[in-house]
Amino acid sequence: MFRSILTVVETNAGAGSAAGDAPRRGYRTPVALCAGRRDAAWYRGWSAAVEERLYAGRDYRDLDPWLEQMETAADLDECPPQMCRPVRAGLFQALHLRRPDDPRLSALARAIADDLYRAEQGWIGLSGAVLANRLMAYYAWSGDLAPAAGLSAWVRHALATTAPRGPEAACLHASEALYGWASGDAASAAAAVAAGLEDARGAPEWSFQLHAHGVYAALCRRDEEALHVHLEALHALVVEGGTLEACHYHLLASLGALTERDYAEAAEHAGIAMVLARQLGAPLIDAFARLGLCRIAVERGEPVVGEVLRGLAGQAGRMHNRLLEHLTLLLDAQHNLEAGRRRRATAQVRRALHLVRRYGATGLPWWSERSLTFVCETALRAGVERTYVRRLIDQHHLVPCSTDLDDWPYRLRVYTLGRFSVVRDEVPVRFDRKPQRRPLDLLKVLVALGGRDVPVEKLCAILWPDAEGDAAHHAFETALYRLRRLIGVDQALVVESGHISLDNRYCWVDAWAFERILSKVDRMIRADDTSRRRERLGHIMDQALALYHGDFLGQEENEPWTIRLRERLRSKFVRRLTAVGARWERMREWDQAIACYQKGLDVDDLVETFYQRLIACHAALGRKAEALIYYRRCRRTLSLVLGVHPSRETEELVRRLLEIRITP
């Protein structure tokens, strides 16, 4: 995206470069094309003309006549060895900015990388730093970060071993910052920007590039203060720059306005960027400006012309630009989802995330928190790229918009069914000290009472019934403080207006998830029966069984406050599983029904209904021996655990179905 602001014109092999000139208002090189025999002088003149027009940054269409002189690989093959590096560097940058769909770009990038990696350490200098900067920009803005990782290592090595100063160091730090935010490490990008700005004093060209990377890093980190600081610095610098700098500033200002949902200002800046990109003759920048305008329309809920997005997707394909392709796919997916086209949106998210993961990009400064959350929720619901999506969520500190997404990597998970445990950031929290008991009791009671808008007075009455005056309230404050320290996620507990809640954006509770899943089971049972729905119903019931490990809080707690939720969950579990099994029975899918009831028995072997239905299903299949085994197991379990005999209904069922005499 960035042009080089330092020319890379070498007069002999590996030495010398024209750098540091004042901005040119006119071209030194004649407009007339180089003529005559293609010797070293011809290629030197061609390189100088191209670099001069790149440096001016006013109208890249002026490059077209010069690019026409280098249309084939043979034109470059004829270049004398001492001029290969500068000519290749100029051709690469000119094509990237003016013809980003040229098929020679990838080969040129490989050749330039080879030049850098094989050059002697002394050649790194300013010329090497500028080439690395161009190459890093190509990799990052093409969405191909795999080779950028090797280049980043080269940049870090150059910084560590050559002790560069001034523009050379600023240039290397700019490359380091670009790779940092593009690969998802916005913190290292911000550090590189800070280090580079120290060396860029007196060099506004490099200051501009570093502040631009500071904006991208701030967008990735959701750091509004840093965002405004860098945008203000860019606004001051853009006066001294050319069309390219002005264009890039307005692109970044549009992104900044979007973070504040100032859609009018965002659209104004994006529109200016698009006009400037067309005046500049830079197709890739124009594409990103158009994408920005489409994104604003989607954010505002306005209809987006499908032809625009399809055109951007086609352009991305021709340029082999994975970054533009995946951004276009995700924007179109968001638009389709909001229009109710869920299946199409899911397919687009699948394709986009596959591209992003494959090419290594996780820094996504173009997307608002809302948009990124939408992408991640859609992907998790469809089971798409789960590992990569969880990484995105972690890097961008996202919280879910939906409250029914159990696959979201919540900071805090509380398990209460058949046990009690707390998991923070996927690591179990250890409870091994006696002073932790009361804070944990507070958490248990909060869950038992629903976890939302629970009156503090009610909690105090349960946990400290004998406390007088303000003593109960002071005890509550102490327990709450200790609980927050224990779980380590302050946002999970919200106290407001005398009520306390568990924030379900940060905290997931298995009992809540279990009830949500059972509600889905109800809807599936009431729906028309199809083979697809039967399969889906079995899958959802398996999810419920995976959560229900037993009674609420298991055998740990038998306090009165546990009874209501415990009995409600157990009753729901038995009723829903019995209803699912009955559905299989009505369809005479006996083995499916048996598997269903057996799963229920594996979870709770004191539910006599499960034994009854297993006896009936085996009897229907003529398996009297198996039916009798379940009857005897029922009688033995109820006797040993509860000290009771099977009900009359069970006895009658066995007599009727098996036609045998049952001895008490």
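Under 6 Å by Cβ, and 6 or more places apart or on different chains, what pairs join a residue from segment 586-614 that is outside any helix (DSSP H, G or I) with one that is of a type outside the set (A, V, I, L, M)? Listed by first residue and then by second, the contacts come to Asp605/Thr637.
Checked against the criteria, Ala313 does not count as surrounded by 21 or more Cβ atoms within 10 Å (Cβ to Cβ) and modelled with pLDDT of 85 or more. Before we move on, is Val414 hydrophobic (A, V, I, L, M, F, W, C), in contact (Cβ under 8 Å) with a residue 24 or more places away in the chain, touching a strand residue (DSSP E or B) at 6+ places or on another chain (Cβ under 7 Å) and surrounded by fewer than 19 Cβ atoms within 10 Å (Cβ to Cβ)? The answer is no for Val414.
Taken together, the criteria place Gln82 among residues that are in contact with a helix residue (DSSP H, G or I) (Cβ under 9 Å, 6 or more places away or on another chain), in a helix (DSSP H, G or I) and over 26 Å from Glu205 (Cα atoms). Of all residues in segment 545-601, those that are more than 30 Å from Leu459 (Cα to Cα), crowded, with 20+ Cβ neighbours inside 10 Å and among the hydroxyl-bearing types (Ser, Thr, Tyr) total 1. Scanning segment 54-73 for residues that are within 20 Å of Leu244 (Cβ to Cβ), at pLDDT below 90 and assigned to a helix (DSSP H, G or I) gives Leu54, Tyr55, Ala56.
Residues in segment 509-528 that are outside any helix (DSSP H, G or I) and either more than 15 Å from Tyr548 (Cα to Cα) or among the small types (Gly, Ala, Ser) (or both): Ala527, Asp528. Would segment 438-460 turn up any residue that is closer than 30 Å to Gly180 by Cβ and not assigned by TED's automatic domain parsing to the domain that holds Asp185? No.
Here Arg278 passes the criteria (1) surrounded by fewer than 17 Cβ atoms within 10 Å (Cβ to Cβ); (2) assigned by TED's automatic domain parsing to the domain that holds Ala189; (3) at pLDDT 90 or above except the one numbered (2). Just to verify a result, which residue in segment 608-657, among those that are of a type in the set (Gly, Ala, Ser) and out of contact with any helix residue (DSSP H, G or I) (no Cβ under 9 Å at 6 or more places or on another chain), is surrounded by the most Cβ atoms within 10 Å (Cβ to Cβ)? Only one residue tops the list, namely Ser639. Regarding Asp102, is this residue of a type outside the set (Gly, Ala, Ser) and within 32 Å of the chain's Cα centre (by Cα)? In short, yes. Determine whether Ala579 is touching a Cys at 6+ places or on another chain (Cβ under 7 Å) and closer than 26 Å to His539 by Cα. It is false that Ala579 is touching a Cys at 6+ places or on another chain (Cβ under 7 Å) and closer than 26 Å to His539 by Cα. Scanning segment 246-260 for residues that are more than 18 Å from Leu291 (Cβ to Cβ) and at pLDDT below 90 yields a total of 1.
Of the residues making up segment 164-175, at least one is of a type in the set (A, V, I, L, M) and under 21 Å from Arg221 (Cα atoms).
Could you say whether any residue in segment 86-94 is among the aromatic types (Phe, Trp, Tyr), in contact with a Leu (Cβ under 8 Å, 6 or more places away or on another chain), in a helix (DSSP H, G or I) and in contact (Cβ under 8 Å) with a residue 60 or more places away in the chain? No, segment 86-94 has no match at all.
With respect to the conditions (1) touching a Leu at 6+ places or on another chain (Cβ under 8 Å); (2) modelled with pLDDT under 85; (3) more than 16 Å from Arg370 (Cα to Cα), Glu299 falls short on a single one, namely (3). Taking (1) more than 24 Å from the chain's Cα centre (by Cα); (2) crowded, with 20+ Cβ neighbours inside 10 Å; (3) free of Cβ contacts under 8 Å to residues at least 24 places away in the same chain in turn, Cys247 satisfies each apart from (3). Residue-level check: of (1) at pLDDT 90 or above; (2) within 21 Å of Glu559 (Cα to Cα), His499 misses just (2).
Does segment 412-420 contain at least one residue that is modelled with pLDDT of 85 or more, in a loop (DSSP other than H, G, I, E, B), of a type in the set (Phe, Trp, Tyr) and assigned by TED's automatic domain parsing to the domain that holds Gly450? Yes, because at least one residue in segment 412-420 is modelled with pLDDT of 85 or more, in a loop (DSSP other than H, G, I, E, B), of a type in the set (Phe, Trp, Tyr) and assigned by TED's automatic domain parsing to the domain that holds Gly450.
Being modelled with pLDDT of 85 or more and either surrounded by fewer than 23 Cβ atoms within 10 Å (Cβ to Cβ) or more than 20 Å from the chain's Cα centre (by Cα) (or both) is the requirement here; does Gly340 meet it? No: the conditions fail for Gly340. Within segment 571-583, residues that are under 13 Å from Val603 (Cα atoms) and at pLDDT 85 or above sit with their Cβ atoms under 6 Å from residues that are aromatic (Phe, Trp, Tyr) and crowded, with 18+ Cβ neighbours inside 10 Å, at 6+ positions apart or across chains, in these pairs: Phe573/Tyr548. Of the residues making up segment 63-79, one or more are out of contact with any Gly (no Cβ under 6 Å at 6 or more places or on another chain), within 18 Å of Gln279 (Cβ to Cβ) and in contact (Cβ under 8 Å) with a residue 12 or more places away in the chain. A single member of Asp441, Asp406 is crowded, with 16+ Cβ neighbours inside 10 Å, closer than 27 Å to Arg570 by Cβ and under 28 Å from the mean Cα position of the chain (by Cα), and it is Asp406.
Of all the residues in segment 490-503, those that are touching a Lys or Arg at 6+ places or on another chain (Cβ under 8 Å) and surrounded by 17 or more Cβ atoms within 10 Å (Cβ to Cβ) number 4. The residue of segment 27-53 that is nearest to Gln82 (Cα to Cα), among those that are at pLDDT 70 or above, of a type in the set (A, V, I, L, M) and surrounded by fewer than 15 Cβ atoms within 10 Å (Cβ to Cβ), is Ala40. Being surrounded by 13 or more Cβ atoms within 10 Å (Cβ to Cβ) and either among the hydrophobic types (A, V, I, L, M, F, W, C) or not assigned by TED's automatic domain parsing to the domain that holds Val427 (or both) holds for only one residue in Ala467, Ala471, and it is Ala467. Restricting attention to segment 504-537, and to residues there that are modelled with pLDDT under 80 and among the polar types (S, T, N, Q), which single residue is surrounded by the most Cβ atoms within 10 Å (Cβ to Cβ)? Across segment 504-537, the extreme among qualifying residues is Thr530. For segment 324-338, residues that are within 10 Å of Val356 (Cβ to Cβ) and of a type in the set (A, V, I, L, M) total 3.
The values are calculated or read from the model by the stated rules, or taken from the named source; none is laboratory data. Being a predicted model, the structure only gives us computed values, none of them experimental. Every residue, glycine as well, gets a Cβ built from its backbone with ideal geometry; the counts of neighbours run over all protein chains shown.
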